Amino acid sequence: MPITPLMPVYPRSEVRPVKGEGVYLIGESGERYLDFASGIAVNLLGHSHPQLIEAIQRQAATLMHVSNLYGSPQGEALARQLTELTFADTVFFTNSGAEAVECAIKTARRYHHAAGNPHKNELITFSNAFHGRTMATISATDQVKLRDGFAPLLEGFTVIEFDNLEAARAAVGPSTAGFLVEPIQGEGGVRPASPEFLRGLRALCDEHDLMLVLDEVQCGVARTGTLYAYEQYGIEPDILATAKGIGGGFPLGACLATEKAASGMVIGTHGSTYGGNPLAMAAGTAVLDVVATPEFLAHVRAMGDRLRSALEQMIPNHDHLFEGVRGLGLMLGIKMKTDSRAFVGYLRTQGILTVAAGDNVVRVLPPLIIEEAHVREFVDRLSAAAAEYDVPAAAA
Ligand SMILES: *Cc1c(COP(=O)(O)O)cnc(C)c1O
């Protein structure tokens, strides 16, 4: 078999969407899918949202791209909006999550460099983390499937057990720059950190002058019912990476930082050709205008509660398959007693889209605009599919 024109790095399924309408995707032959995956937590406003379409069309017809060598009224406006809504004083725009994490890592190292402590260059990271696919971000995890065959990896990362504060305290040494952590591990299996853990990391950072770097690429932008998940932990980071949902489907990410944390990021230290171009800024502004309101965030929390309790009610009816639900807001995971990847594949054949994660978890990541009827439809169809499902012999 010759290699496919698309580099064959994905196990692409039979689902071949050509159109999207709200919470549904439509395939090549007109088949409809209930999309509770949202492009992996990306399409916050569902598909074909009129405000997002309008903003992108208008900006595309006005000015699509200019260099970062020029002033950016569009970038300044979105950066101001983000700094007003969050802990941050300053923002660097990227095109992806991995680039946002890269910028966060560079910002943390430069902070200590600028403070005269260049030896403080090691980030402590956590088991089963997912931070992206670049060399630095695969060096920041212990997941073998992400790292295998890409040696030599980058130095400066120490991976310890997630949610273990004692291990974190013990790992801090003279070369520690800070912690890089997902408040809720996504790809690793929808595992929320405990409040004690994140508060403990914050306290360690305060005590030793370290950078608390949060990777909210998946859990950020209203997904958990607050604009960022850290708000629910009662702490603030020094640096935060955001992406996925922030463009609503347009490629956009950002690295947010306090003034103190960004003290090393002076002229010439970082850059990006596309990062923050006017078209991306229009998409980001349209998304934030919708999701960053108290009413919308309350809607996400209400839908998260409904979905979670409907799933919890359904699970005992299929207790040979499902163990329980975990997560926050509309970032939920169903822990399975069997292979979650095989089950997610089967759900696709039943017209239901979810995403597999580590630890045999099915990720349930609907667009944030879902209504109660979508919650009911999803849980009814999931339950019917579970009743019909024959656990493959290899996965039992
Ligand atoms: C998806 C993801 C990334 C990487 O984002 P890309 O846009 O694919 O580069 C980084 N961190 C987390 C937590 C993610 O879920």
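Local charge for residue 325 was computed over the other residues whose Cβ lies under 14 Å away, with Lys and Arg +1 and Asp and Glu -1, and equals +2.
For the pair the range 124-181 / the range 285-324, the C-alpha centres are spaced 30 Å from each other. Of the trypsin sites (Lys or Arg not before Pro) in the range 1-103, the ones in a loop by DSSP (not H, G, I, E or B) with at most 10 other beta carbons within 10 Å are 12. Find the centroid of the Cα atoms in the range 232-262 and in the range 33-79, then give the distance between the two in whole Å. That distance is 17 Å.
Dipole magnitude for the chain: computed about the Cα centre from +1 point charges on Lys and Arg Cβ and -1 point charges on Asp and Glu Cβ, it is near 580 debye. Packing here is the average count of other Cβ atoms within 10 Å per residue, and on that basis the peptides 89-97, 304-312, highest first, run 89-97, 304-312. Note: relative contact order over the range 1-74, using C-alpha pairs below 8 Å and six or more positions apart, is 19 percent.
Bin by bin, in steps of 5 Å, what percent of the Cα pairs in the range 1-152 do you find, going until the bin that has the longest distance? Calculated over all Cα pairs of the range 1-152, the distribution is 1, 6, 9, 12, 16, 16, 15, 13, 7, 3, 1, 0, 0 percent. Around the amide H of residue 356, modelled in the peptide plane, lie the amide H atoms of 363, all under 5 Å away and 5 or more residues distant in sequence or on another chain. Beta bridges per DSSP, both residues in the chain: antiparallel share near 65 percent.
Applying both filters, DSSP loop and at most 14 other Cβ atoms within 10 Å, to the GluC sites (Glu not before Pro) of the range 346-396 gives 371. Amide H to amide H, with H built 1.01 Å from N, residue 24 comes under 5 Å of 35, 47, counting only residues 5 or more places away or on other chains.
For the chain, relative contact order (Cα pairs under 8 Å, six or more residues apart, normalised by length) works out to 22 percent.
What percent does the relative contact order of the range 163-282 come to when contacts are Cα pairs within less than 8 Å and at least six residues apart? Relative CO of the range 163-282 lands at 19 percent. Across the chain, counting alpha-carbon atoms alone, Rg and Dmax equal 21.0, 63 Å.
Averaging 1/r across all pairs of distinct Cα atoms in the range 139-205 and inverting the result yields a Kirkwood radius of 13.2 Å. A convex hull fitted to the Cα coordinates of the range 1-41 yields 100 cubic angstrom per residue. Calculated FRET efficiency, residue 390 to residue 12, Cβ-Cβ distance, R0 = 30 Å: about 0.80 to the nearest 0.05. Rounded to the nearest 500, the helix-only mean residue ellipticity at 222 nm of the chain stands at -11000 deg cm²/dmol, with each DSSP H run of n ≥ 4 adding -39,500 (n - 2.57). The listed peptides 157-165, 323-331, 209-217, ordered by packing as a protection proxy, come out as 209-217, 323-331, 157-165 (highest mean of other Cβ atoms within 10 Å first).
Computed from the coordinates by the stated procedures, all read-outs in this text should not be read as laboratory data. In this text, all values refer to a predicted model and were calculated from it rather than measured experimentally. Neighbour counts are summed over all protein chains in view; Cβ atoms, including those assigned to glycine, are modelled from backbone coordinates with ideal geometry.
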